[in-house]
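Bear in mind that the values in this text are calculations on the coordinates, not laboratory data. Source: prediction; values computed, not measured. Here the Cβ positions follow ideal geometry from the backbone for every residue, glycine too, while neighbour counts run over all protein chains shown.
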Amino acid sequence: MAKEKRHRGRFQAQGNGTEKSVPWTLVSPITKSHAYSSIEKLKCKLTQAELSARQDCFKKASLFIQRAPSYGISAFFKHSCIPFPPVKDIRVDIDVLAGVAFIDDKV
């Protein structure tokens, strides 16, 4: 019998006509290293202009994951990373929709 995938969420690049995301649905909580990899996948989906407008957002998203407690963050949780100074509605969203996310990697 397959294990139930109870840990879900997504990273989203939003605003100024952009709406692209990288979701996760896992049996175990997403680790910090897996989350960083997902952020890189999201960056690859963006045009150079979309990426350039969100560089500060991606830095803030990575820092948010790094600072998450070792046991992770429980759902339901949403966090928006906004550039400084704010530009229109440009942002990178972190959504933990079910389960737990951003646990420390096992050594």
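For a paramagnetic label modelled on Ser74 (point 7 Å from Cα along Cα→Cβ), amide N atoms under 18 Å away belong, within region 5-23, to 6-9. So what is the relative contact order of the chain, in percent, for Cα pairs below 8 Å that sit 6 or more residues apart? Contact order relative to length: 37 percent. Only one item in [x] -0.66, -1.02, -1.18; [y] -0.50, -1.06, -1.41; [z] -0.52, -0.98, -1.22 matches log10 I(q)/I(0) by the Debye sum over Cα atoms at q = 0.14, 0.20, 0.23 Å⁻¹ derived from the coordinates shown, and that item is [z].
Would you mind counting up the charge near Ala75? Only other residues with Cβ under 11 Å from its Cβ, with Lys and Arg at +1 and Asp and Glu at -1. Charge balance in the 11 Å sphere: +2. Using a 4.7 Å Cβ-Cβ cutoff, the cysteines of the chain lacking any partner cysteine are Cys44.
Ranked by the mean number of other Cβ atoms within 10 Å per residue, highest first, peptides 62-68, 100-106 order as 100-106, 62-68.
Annotation note: GluC sites (Glu not before Pro) in region 1-48 located in DSSP loop regions with a Cβ neighbour count of at most 11 within 10 Å are Glu4.
Taking the longest Cα principal axis of the chain as reference, the axis of helix 32-45 is set at about 40 degrees.
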